[in-house]
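Below is one structure, written out as C-alpha cells; comments come after it.
The numbers here are math on the coordinates, done by the rules we state, and not lab data. Just so it is clear, the model here is predicted, and its values are computed rather than measured. Counting neighbours? That spans all protein chains shown, and the Cβs are built from the backbone with ideal geometry, glycine included.
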Amino acid sequence: MALTPRLDLRQTQALVMTPQLQQAIKLLQLSNIELSTFVEQELEQNPLLEREDGERESNPVDGEERQALEPERHDGAEDSAQMMDLAPGLAESDLDIDVDNQWNNDSVSDVDSGESASLSSWSGRGGRADFADDDANLELTIAREISLRDHLLGQLNVDFTDPGDRLIGLHLITMLDEAGWLSGDLGDVAQRLACPPERVAAVLERMQRFDPPGIFARSLKECLAIQLRDLNRLDPAMQTLLDNLELLARRELSALMRLCRVDGEDLAQMIAEIRALNPKPALAFDHTVSQPVTPDVLMRPVASGGWLIELNNDTLPRVLVNTRYYAKVNQAARSKEDRRFLTERYQSANWLVKSLHQRATTILKVATEIVRQQEAFFQHGVAHLRPLVLRDIALAIGMHESTVSRVTSGKYIATPRGIYELKYFFTQAIAASLGGDSHSAESVRHRIKALIDAERPDDILSDDRLVEMLRQEGVDIARRTVAKYRESLKIASSVQRRREKAIGM
C-alpha cells in the first residue's frame with residue numbers, strides 16, 4: 001500500500017468552550033454576594049460598564065443604550081405561565097408586577113415622609129439648628145461590651161503587684177484560645193521570659209482563680225476541677241469521677257459507682273453537677289454577631305393561593321452598557337489597537353449583561369419548579385418532603401442536570417418555613433412497603449427523630465423496633481439505614497439511651 005499525501009474534507013460537530021461560555025457558566029454557579037464581587041471587578045476593568053444606581057439623568061436615552069439587568073422584567077410568557085400554575089387564582093395581570101416601580105414608589109414615600117419630618121423638626125426650632133452643649137450625646141450612652149482580654153487584665157492589675165509576675169500573666173493571657181483554655185507549654189514561656197518554670201506555674205495557679213471559673217485550664221479535666229473547686233464541690237469522689245471521664249463518656253455507670261464508692265443516686269447527682277459546668281468559659285465573652293445567610297431567591301404566599309417567586313434584588317448587581325460613551329470614544333480613536341480594545345470591551349460588556357439576564361432567568365425557572373415539586377413541604381412540613389433528584393427538575397424545565405446542579409449549589413431561598421439551600425430539597429427515595437409513593441430520606445430521618453424523642457424511659461426503641469414501626473407506616477427501610485440516619489442525627493444507641501434515662505441524664 002503506497003503512502004501518498006492527500007487532502008480530505010470532513011464535517012464534524014464539536015462543542016468549543018469559548019471564554020464567553022466559560023464566563024456564563026461561572027456566573028451561573030455564583031451566589032448573589034459572590035456575583036456582586038465579580039461585577040465590581042468588571043466595573044474596574046471595563047470603562048464601558050457602569051452601575052445602575054436608582055434614577056439616572058433626565059436626558060432621554062434610547063432603549064439600546066440602556067441595557068440593564070432587570071430579572072423581574074424579563075420573566076417572559078414562559079415564566080408568567082409557571083407562576084400562573086403556582087397561583088391559579090390570579091389573573092395574568094396580577095402576576096405581572098413591576099417590582100422596581102413598586103419599590104421606588106415605596107422608597108419615595110418613605111423618603112418624602114422622612115423629609116417632611118425633618119423639615120417639621122427644623123421649623124420647630126425656629127428655622128435654625130440648635131447645637132447647644134447641654135444636648136445629650138448619643139454616643140456617650142452606648143454601652144461598650146467588655147472583652148475577655150480587658151476582663152482578665154483588670155483582674156491581673158489588681159491581684160499582682162510584682163511587675164515580673166504581671167509580665168508573665170500578660171503572656172499567659174495571649175496564649176488563651178477561643179474556649180479559654182491555655183495553649184502552649186509553660187516551659188517555653190519560662191525560656192522566652194528567662195524566668196524559672198516554678199514561677200510561671202505559680203502565676204498560672206493564681207490566675208486559674210480568675211473569673212470566669214475554669215479559665216486558664218489546660219484540659220477538660222482541669223477546667224471542670226477548677227469550677228468544682230470554686231463551688232467547693234471537689235471532694236475525693238468527684239475527683240475520682242474526673243479522673244475517669246472516659247468511662248462517663250462510654251456510660252459505664254457500674255464501673256464508676258465502684259471506683260467512686262457511691263450508689264446510683266449519688267452518681268446521678270454528681271453527673272448532673274458536671275453537666276451544669278461550662279467546659280468553654282471564654283465563650284461567655286464572645287460577642288461576635290453571626291451573620292445570617294443572605295437568600296438569593298425570595299418566596300412569599302399569595303393571598304388567593306399559590307406562591308410568588310422572585311430574585312432578591314437587594315443583593316443583585318445591576319449594570320448597563322454605556323453605548324453613548326462607546327460611540328464618542330470610538331470616533332476619537334485613531335489607531336487600530338485602540339479600536340480593537342474598545343470593540344473587545346464593548347462585546348465583553350454586552351455579553352456580561354446578557355449572561356446576568358440569562359443567569360437570573362435560569363435561577364427563577366429552577367426555583368419555581370422546585371417549589372412546585374415540593375409544595376407539600378411548604379404547606380405541611382418536613383414530613384411531606386418528597387424524594388427529588390436533579391434529573392426531575394432538569395426534565396421539567398428542559399435543561400441539563402449540570403446546569404441545575406450549578407444553580408442549586410450555594411444558593412438559598414427564603415420561605416415562610418425558613419431559609420433553605422436549594423440543595424436541601426433534593427433527597428433520595430426510600431421505597432414504600434405497601435406499594436405506595438416513595439418516601440424521601442429527609443422525611444424518614446425526621447420521623448426517626450420524632451419516634452426516639454417520644455419514647456418512654458421504660459420502653460427504649462432499638463433499631464430493629466424502629467424498623468418495624470416504620471414498616472407499619474409504609475416505609476421499607478433496612479436496619480443499617482436506620483442506624484446510619486440515627487448516627488447522622490447524633491442520637492446515641494438504645495443501650496446508651498437506656499443508661500442515660502436510668503440515671504436521669
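Odds and ends about this structure:
- Calculated SAXS-style log₁₀ I(q)/I(0) at q = 0.11 Å⁻¹ - segment 235-364, Debye, Cα scatterers: -0.71
- The C-alpha atoms of segment 381-441 occupy a region whose extents along the principal axes are 36, 28, 15 Å, arranged from largest to smallest.
- Computed over segment 429-502, relative contact order equals 35 percent, with contacts defined as Cα pairs under 8 Å that lie 6+ residues apart.
- Cα centroid separation, segment 458-484 to segment 1-31 (Å): 53
- Each peptide in 242-253, 5-16 gets a packing score, the mean of other Cβ atoms within 10 Å over its residues, and the list from highest to lowest is 242-253, 5-16.
- Of the peptides 334-343, 273-282, 187-196, the ranking by mean beta-carbon count within 10 Å, highest at the top, reads 273-282, 187-196, 334-343.
- Comparing Cα centroids, segment 213-290 and segment 182-203 end up 27 angstrom apart.
- Relative contact order %, segment 313-438, counting alpha carbon pairs below 8 Å whose residues are six or more apart: 18
- Across segment 148-285, the relative contact order, built from alpha-carbon pairs under 8 Å that are at least six residues apart, equals 25 percent.
- Dipole magnitude (debye, nearest 20) for segment 148-285, charges at Cβ of Lys, Arg, Asp, Glu: 120
- Checked against a 19 Å cut-off, the cross-linked pairs LYS423/LYS490; LYS221/LYS501; LYS221/LYS490; LYS221/LYS280 give Cα-Cα distances beyond that limit for LYS423/LYS490; LYS221/LYS501; LYS221/LYS490.
- P(r) for segment 148-285, from all Cα pairs and a bin width of 10 Å, is 11, 38, 28, 17, 6, 0 %, short bins first.
- Taking a ≥ b ≥ c as the square roots of the eigenvalues of the alpha-carbon gyration tensor, segment 371-505 is classed prolate because a/c is 1.5 or more and a/b outweighs b/c.
- Ratio Rg/Rh, restricted to segment 429-502 and using Cα atoms, in which Rh is the Kirkwood radius: 0.98
- Alpha-carbon centroid distance for the pair segment 413-434 / segment 339-373, whole angstrom: 28
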